[in-house]
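Have a look at the structure below, then the notes.
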2 protein chains.
Amino acid sequence: MAINTIEMTTVHTIEALQGLIDRNKQEGRTVGFVPTMGFLHEGHLSLVSQARKDNDLVVMSIFVNPAQFGPGEDLEAYPRDAQRDAQLAGSAGVDILFMPTPEEMYPHEGGIKIVPGPQASALCGASRPGHFDGVLKVVLKLVNIVNPDCSYFGMKDAQQLAIIETFVRDFNLRTSIVRVPTVREQDGLAKSSRNVFLTAKEREEAPVIQQALQKGVAVFNDGASSEQIEKIVADFITINNLGVIDYVSLLAYPALTKYDGTSKEIILACAVKFGKTRLIDNIIMSTKDGFHVQNDDEQ
Amino acid sequence: MAINTIEMTTVHTIEALQGLIDRNKQEGRTVGFVPTMGFLHEGHLSLVSQARKDNDLVVMSIFVNPAQFGPGEDLEAYPRDAQRDAQLAGSAGVDILFMPTPEEMYPHEGGIKIVPGPQASALCGASRPGHFDGVLKVVLKLVNIVNPDCSYFGMKDAQQLAIIETFVRDFNLRTSIVRVPTVREQDGLAKSSRNVFLTAKEREEAPVIQQALQKGVAVFNDGASSEQIEKIVADFITINNLGVIDYVSLLAYPALTKYDGTSKEIILACAVKFGKTRLIDNIIMSTKDGFHVQNDDEQ
């Protein structure tokens, strides 16, 4: 488990994981943590790559967290490929892969819940009641288990990132949250485990989401109102396309409140259904030194 | 800040506290944590005494946590004496005293809440809605800030202890919760910061609470039902006395569900008002090797 190891250790129990990590921390190594739900793609691997640069030891968890799926959501259908994931994680530089069962993670149920505030009512929260309760539950557990110096989250899940940043700040969690830019396909579609569910026709049209958000940023820079921008983005996605809008929102970030011109960061985010597949994407802009996009991919 | 130091350091900021603690932990010292709301009495000092035995470094916090007081409760009237507290803490063997302001503890409000489950509906929870949300909030913050090996809680606040034990278990908090028996006055009244509010007459009668609970345990051992026991205890306290019952309950511990004969621990707990002062007390019995009382004081 030394620095630059090429061997990856896979563990399935909390006890085994903590034993490994504690030993490494005692020897003075820093720990970077990449929590995932598996079915890894380049987005996840870019989290590993950043964690690899910043830390001595990289821990990845793969756990399809039942607590963050609502009734009727795709918990059972969520794509899984443990063998391929382990191969990808090892190649990307993960030192310790933690793959617990639901029973290992949730052996008891005392009924204590972590309930997010108004941030969870915006964007995806509106159509996924309880989703972020489940996210905060597993994040607190994993951070306590792994005890990482830094934890890596992708900017594609911008609402999740905003709520977790707020949780870490308000409850003094002992980990630094590192934002990692969204990784995209050549044509601009954000990488997602759910992209495999798109039909050929849907896949062909899906890049319109990012094009529409870029159009939205352009009209924002021209001085359009939130409502105008949201309408332009929605029209861009739906006219002549299969996409059905769940939401398009321009909000202050990470508070996810109405943008009133004062916040240091803004998000333009949307969720769009192509057939049965719900895709999300966003652009986060910083207002420091004039507006500029934070989560440009490297195309 | 070495072992057996006789100098106590008082800090008011999270940053200063964490700097001190991290240095000690890096040097291999174990940390025991005693969270309090101040106005220290022998009960608190027995927590320190236990922490002193178990750890290299003892950290006490004194913070009257606004989040756990409801509207109309005694937040403003809660007794405070910082100077006397510091003296007592130092004499008892505290190494680091943390006395933050509410602004230091709650500089932001992102609205995330930790909401206990059914445990919070029993006992004191019924008449103090939101109280245990506030307790869990400050406990998570303090545990994250102090990063203690062990945290010490008194058994007088048995419901608080039960909920915190469940929180630590279900969310993998990296601290061990140590139960410390209730300390009592010579006549059996549980030590409490609120005892100073009793009139002479009320003070004279208040020991009836512990006598009644002991009577309840005796009839429990004789095979009485929960309902019978609760009635006997309530009558014992109220007949010919000023005490007004808030509740008397025999429950499984720490689940705080109805006692069905199977749980490993049982609690007989009550809350009684003497005039404006609300007093709580309890007896926790273990069923291991036959029932026996866990929280006997040392009289």
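Here the accessible area is traced with a 1.4 Å probe on the protein chains. For chain A, carbon and sulfur cover 51 percent of it. Taken about its Cα centre, chain B carries a charge dipole of about 240 debye when Lys and Arg each add +1 at the Cβ and Asp and Glu each add -1 at the Cβ. The mean sequence distance of close C-alpha pairs (under 8 Å, at least 6 residues apart), as a share of the length of chain B, puts its relative contact order at 16 percent.
Counting Cβ atoms of other protein chains within 10 Å of each Cβ in B:170-176 and taking the mean gives 6. Choose one of B:T36, B:A51, B:G130: the residue whose Cα lies farthest towards the positive end of the charge dipole of segment B:1-136 (beta-carbon charges +1 Lys, Arg; -1 Asp, Glu; about the Cα centre). Ranked along the dipole, the leading option is B:A51. Fully extending the segment from B:T9 to B:K264, taken as 0.36 nm per residue of separation minus the present Cα-Cα distance, adds 87.7 nm. Between B:I239 and B:A218, the FRET efficiency estimated from the beta carbon spacing at R0 = 22 angstrom works out to 0.80. Shielding of peptide A:112-124 by partners, expressed as the average count of other chain Cβ atoms within 10 Å per residue Cβ, is 4. Pairs over the 23 Å Cα-Cα cut-off, from the set A:K25/B:K25; A:K141/B:K264; A:K53/B:K113; A:K215/A:K276; B:K113/B:K258: A:K141/B:K264; A:K53/B:K113; A:K215/A:K276; B:K113/B:K258. Look at the alpha carbon pairs under 8 Å that are at least 6 residues apart: their mean separation over the length of segment B:9-180 gives a relative contact order of 29 percent. Relative to the other identical copies, A:E27 shows label-point distances of 2.6 nm, where the label point lies 7 Å from Cα along the Cβ direction and values run shortest first. Summarising the label geometry, the points placed 7 Å from Cα in the beta-carbon direction at B:D133 and B:K273 lie 2.3 nm from one another. Calculated on C-alpha atoms, the gyration radius of segment A:9-180 divided by its Kirkwood radius gives an Rg/Rh of 0.94. Under 20 Å from a label point set 7 Å out along the Cα-to-Cβ vector of B:Y247, the amide N atoms of segment B:102-127 belong to B:114-127.
Over 36 Å apart: what share of the alpha carbon pairs of the protein assembly as shown falls there, rounded to a whole percent? Value for the protein assembly as shown: 45 percent of Cα pairs lie more than 36 Å apart. The spacing between segment A:133-147 and segment B:1-78, judged by their C-alpha centroids, is 26 Å. For B:P107, the label point sits 7 Å beyond Cα toward Cβ; its separations from the matching points on the remaining copies run 3.8 nm, from shortest to longest. Placing unit charges on the Cβ atoms only, positive for Lys and Arg and negative for Asp and Glu, gives the protein assembly as shown a dipole magnitude near 200 debye about its Cα centre. Plainly put, segment A:58-120 has a radius of gyration that is 1.04 times its Kirkwood radius, both from alpha-carbon atoms, as the Rg/Rh ratio. Summing Cβ point charges (Lys, Arg +1; Asp, Glu -1) relative to the Cα centre of segment A:1-133 gives a dipole of roughly 320 debye.
Peptide B:7-14 is shielded by partner chain Cβ atoms: per residue, an average of 0 of them sit within 10 Å of its Cβ.
Modelled spin labels at B:D54 and B:E103, positioned 7 Å past Cα toward Cβ, are 3.5 nm from each other. Computed from the C-beta positions of B:E76 and A:R179, the FRET efficiency with R₀ = 51 Å rounds to 0.75. Can you give the FRET efficiency for A:T30 and B:V196, using 1/(1 + (r/R0)^6), R0 = 41 Å, r = Cβ-Cβ distance, to the nearest 0.05? So, using R0 = 41 Å, E works out to roughly 0.25. log10 I(q)/I(0), Debye, Cα-only chain A, no solvent, q = 0.07, 0.12, 0.13, 0.15 Å⁻¹? Each listed q corresponds, in turn, to -0.27, -0.80, -0.94, -1.24. Label point of A:E76 (7 Å along Cα→beta-carbon): distances to the other copies' equivalent points are 5.8 nm, sorted ascending. Scalar couplings 3J(HN,Hα) for segment B:218-229, obtained by applying the Karplus form with A = 6.51, B = -1.76, C = 1.60 to θ = phi - 60°, are 4, 6, 4, 5, 7, x, 5, 7, 3, 4, 4, 4 Hz; x denotes Gly and Pro. In straight-distance terms, cross-link reach from A:K156 covers every one of the aspartates and glutamates whose alpha-carbon lies under 12 Å from its own, apart from those fewer than eight places away in the same chain; here that gives A:D281, A:D296, A:D297.
The values are calculated or read from the model by the stated rules, or taken from the named source; none is laboratory data. Keep in mind it's a predicted model, so treat the numbers as computed, not measured. Please note: Cβ atoms are built from the backbone with ideal geometry, for glycine as well, and neighbour counts cover all protein chains shown. Heads up: the accessible areas ignore ligands, DNA and RNA and are worked out on the full protein's heavy atoms, side chains in. Shrake-Rupley method; radii C 1.70, N 1.55, O 1.52, S 1.80 Å.
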